[in-house]
Amino acid sequence: MTMIRTTLLGATLCTALASAAFAQDTAKLVTIVTSENAQTQLMAMVLTTQAVEQGADAHILLCGPGGDMALRDAPESATASQPPRGASPQGMLQNLMANGTKVEVCAIYLPGMGADASVLLDGVGVAQPPAMAGAMMDMSARVWSF
């Protein structure tokens, strides 16, 4: 009887450890976009979209000119369709947001513009430095910077 209990306990423990390992297997991605170049912005969104489609949990941080992608009144470079598929940086950003990707602008982006959050697309937040630093330092996260 003791051997059966030990075997069952061992099997239960192995199952719990395997479940925990599987749960932690989700890749974390922090994409940082600072570039003003529309092609670079679009490629950042394309690669982030691919990562999300492959199971990554993405978080996007937009700073400086990259933050302009999150503006309601974004510059044409962020909204204009680009070849080969006619996508725009802002359009792909909005698709990512619609699928649950967290998008934030840098904490100093809006004060630097003399604006408040009303100029941002719905759903775009303002990053809190301690939380963003934590996301970037997470040993299970990858950080991509464009």
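Out of all the residues in the range 60-73, which are without any contact (Cβ under 8 Å) to a residue 40 or more places away in the chain and either over 17 Å from the mean Cα position of the chain (by Cα) or farther than 19 Å from residue 102 by Cβ (or both)? Lay out the reasoning, then the answer.
So in the range 60-73, the residues without any contact (Cβ under 8 Å) to a residue 40 or more places away in the chain come out as 65, 68-69.
Once the filter is applied, which keeps residues that are without any contact (Cβ under 8 Å) to a residue 40 or more places away in the chain and either over 17 Å from the mean Cα position of the chain (by Cα) or farther than 19 Å from residue 102 by Cβ (or both), the range 60-73 yields only 65.
Which numbered condition in (1) under 13 Å from residue 62 (Cα atoms); (2) of a type outside the set (Phe, Trp, Tyr); (3) free of Cβ contacts under 8 Å to residues at least 12 places away in the same chain is the only one that residue 83 fails?
Of everything listed in (1) under 13 Å from residue 62 (Cα atoms); (2) of a type outside the set (Phe, Trp, Tyr); (3) free of Cβ contacts under 8 Å to residues at least 12 places away in the same chain, residue 83 misses just condition (1).
Restricting to the range 40-59, give me the number of residues that are closer than 15 Å to residue 30 by Cα, in contact (Cβ under 8 Å) with a residue 60 or more places away in the chain and not aliphatic (A, V, I, L, M).
3
Please go through the range 90-107 and give me each residue that is touching a residue at least 40 places away in the same chain (Cβ under 8 Å) and of a type outside the set (S, T, N, Q), ordered by number.
92, 93, 96, 102, 103, 104, 105, 106
Read-outs throughout are calculated quantities, based only on the coordinates presented, and are distinct from any laboratory measurement. As the structure is a computational prediction, the values presented were derived from the model and not from experiment. Because the Cβ atoms are built from the backbone with ideal geometry, glycine has one as well, and the counts that use them run over all protein chains shown.
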